[in-house]
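Trainee: Dropping a structure here in structure tokens format, bear with me for questions.
The values are calculated or read from the model by the stated rules, or taken from the named source; none is laboratory data. Keep in mind it's a predicted model, so treat the numbers as computed, not measured. Every residue, glycine as well, gets a Cβ built from its backbone with ideal geometry; the counts of neighbours run over all protein chains shown.
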Amino acid sequence: MDIFVIQGPSRLKGRVEISGAKNAALPLMAASLLGEGPTTLCRVPDLADIRTMLELLGELGVAAAREQDGTVTLTPADADCSHARYDIVRKMRASVCVLGPLLARRGQARVSMPGGCAIGARPIDLHLRGLQALGAQIDLDQGDIVARAKRLRGATVFLGGPFGSTVLGTANVMMAAVLAEGRTVIESAACEPEIADLADLLNAMGAHVSGGGTPRLVIDGVDELTGADHEVIPDRIEAGTFLAAGALTNGELELSHCRIDHMLAVVEKLRETGAIVEPSNGGAVVAATRRVEPTDVTTQPYPGFPTDLQAQVMTLLALADGNSAVTEKIFPDRFMHVPELLRMGANIRKEGPTAIVTGVKRLVGAPVMASDLRASAALVLAGLIARGTTTVRRVYHVDRGYEHIERKLCDVGARIERLSE
Ligand code: EPZ
């Protein structure tokens, strides 16, 4: 297993190119199952989760070709297997987004029921309720969801849950509805840019989806879809992580290939901490010159502050000149980074879904353990600013979602070495 050995503190300065979004690419890749011909996606990041999705699609009869520049061509070739096995789903929950396309295109799907994960309980009841509303028969057999439907029928589907809408649930129901008979209306749909991106690809394949990126999607089913060419949107979470890194290290970073309009809540919060964040040449610049100011952050569905940046911003606030409250409203147990940050000298007290962060003047290097993707990014950020050596174990979590993170950080002044343990 690889570890990162980080020497701090450092000040980041320079230019970083943001990769295509993992969380957009995964459902886009699943959508290739719906087409009659090849779908070509550009700017697909080279990440462990993407490789897992390629493996899964391979088992489902989709031939894949990947080029060095991140272009991936997916050609559905063989419809015999519609089973997403536990061995793959347990590695990556997002595997569940093949359920809708398999059901719509092949009339059946068997997908292992995903369990919880390090960020808490993650039910998929809304996905299943949505597919049932379209006429699917759903059973549970040996830990697998077994879904069947001769032809799905359009319906009105409400996808709001106790923590807002569901991103992959919206993707699943939308991908099922594009081949259903008649009109589907999804109310309380997720508004994340990744969902709007999926709607764009589906429309390029011949679907009739309107309202992508809003809480009301209207989908008029068609009989068949073709393949299409599509460019994956930039990764707003990777971009937000680099903005936080620039602010945290009193640095000066220019991010290219990033959509600041997808990150307004994040930009606003970083400005409240005293950082300067401005659009620049189709990207963004961040600069900071003084101690972080405290602020309160509450995670919310898009366009609110994303849960996927909560941990990284907590590292920033750990150094603030005062108290901040960080409240998690999407995954109330997503605080595995807190005990690790405490090992580095942070002062954080958890009260239910809120962490009270009392800023300290400095963090100190320590051996820490990554527990999930975003928590590990928060620990890498902490290592950049901490005095001395920080060793981050289990960096395979980081590798699931950040393309060449240590190379990108070292190029702008960080001192990180990847070692095999
Ligand atoms: C997506 O997960 C992302 N994953 C997550 O990113 C992200 O944290 C999450 O959306 C929220 O933004 C991908 O896009 C691959 P949800 P998803 O269904 O779709 C509850 C990362 O680090 N819920 O929108 O699985 C659920 O428990 C990952 O890149 C139900 O109650 O999340 C949560 O509280 C981690 N029933 C809330 O809704 C359901 O059927 C939002 O979850 C589905 C969800």
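Trainee: Look at the range 320-342 and say how many of its residues are free of Cβ contacts under 8 Å to residues at least 12 places away in the same chain and of a type in the set (A, V, I, L, M, F, W, C). Quick ask: steps written out before the conclusion?
Mentor: Within the range 320-342, the subset free of Cβ contacts under 8 Å to residues at least 12 places away in the same chain is 339, 342.
Those still in the list that are of a type in the set (A, V, I, L, M, F, W, C) too: 342.
The number of residues fulfilling the criteria is 1.
Trainee: Sort through G221, G206 and tell me the only one that's over 30 Å from A375 (Cβ atoms), in contact with a strand residue (DSSP E or B) (Cβ under 6 Å, 6 or more places away or on another chain) and touching a residue at least 60 places away in the same chain (Cβ under 8 Å).
Mentor: Only one candidate qualifies: G221.
Trainee: OK, next. Within the group V380, V357, V398, which residue is under 26 Å from G322 (Cα atoms), in contact (Cβ under 8 Å) with a residue 60 or more places away in the chain, within 16 Å of the ligand (Cβ to nearest atom) and buried (at least 19 other Cβ atoms within 10 Å of the Cβ)?
Mentor: When all the criteria are applied, what remains is V380.
Trainee: While we're here: Is it the case that A31 is among the small types (G, A, S), in contact with a helix residue (DSSP H, G or I) (Cβ under 6 Å, 6 or more places away or on another chain) and not assigned by TED's automatic domain parsing to the domain that holds A377?
Mentor: Here the answer is yes, as A31 does meet what is asked.
Trainee: Where residues in the range 134-150 are free of Cβ contacts under 8 Å to residues at least 40 places away in the same chain and aliphatic (A, V, I, L, M), which of them is surrounded by the fewest Cβ atoms within 10 Å (Cβ to Cβ)?
Mentor: L140
Trainee: Listed residues R271, R290; which is away from the ligand (no atom under 16 Å from the Cβ), surrounded by fewer than 17 Cβ atoms within 10 Å (Cβ to Cβ), more than 18 Å from the chain's Cα centre (by Cα) and modelled with pLDDT under 95? Lay out the reasoning, then the answer.
Mentor: Values: R271 fails: modelled with pLDDT under 95.
Step by step, each of R271, R290 is checked, and only R290 is away from the ligand (no atom under 16 Å from the Cβ), surrounded by fewer than 17 Cβ atoms within 10 Å (Cβ to Cβ), more than 18 Å from the chain's Cα centre (by Cα) and modelled with pLDDT under 95.
Trainee: Just one of E67, E59 is among the charged types (D, E, K, R) and closer than 18 Å to D229 by Cα; which is it?
Mentor: From the options E67, E59, the qualifying one is E67.
Trainee: Restricted to the range 46-66, and to residues that are in a helix (DSSP H, G or I) and not aliphatic (A, V, I, L, M), which residue is surrounded by the most Cβ atoms within 10 Å (Cβ to Cβ)? Step through it out loud before you land on a result.
Mentor: Taking the range 46-66 as the starting set, the residues that turn out to be in a helix (DSSP H, G or I) are 48-59.
Narrowing the set further to residues that are not aliphatic (A, V, I, L, M) leaves 49, 51-52, 55, 58-59.
On the way: D49: 21, R51: 15, T52: 18, E55: 16, G58: 14, E59: 15.
Filtering the range 46-66 for residues that are in a helix (DSSP H, G or I) and not aliphatic (A, V, I, L, M), the one surrounded by the most Cβ atoms within 10 Å (Cβ to Cβ) comes out as D49.
Trainee: Now for a separate question. Confirm whether R349 is of a type outside the set (S, T, N, Q), away from the ligand (no atom under 16 Å from the Cβ) and under 24 Å from N250 (Cα atoms).
Mentor: Considered against the rule, which asks whether it is of a type outside the set (S, T, N, Q), away from the ligand (no atom under 16 Å from the Cβ) and under 24 Å from N250 (Cα atoms), R349 comes out as no.
Trainee: Further question on the same structure: Taking the criterion of being farther than 20 Å from K13 by Cα, surrounded by fewer than 24 Cβ atoms within 10 Å (Cβ to Cβ) and charged (D, E, K, R), would at least one residue in the range 231-252 satisfy it?
Mentor: Scanning the range 231-252 turns up at least one residue that is farther than 20 Å from K13 by Cα, surrounded by fewer than 24 Cβ atoms within 10 Å (Cβ to Cβ) and charged (D, E, K, R).
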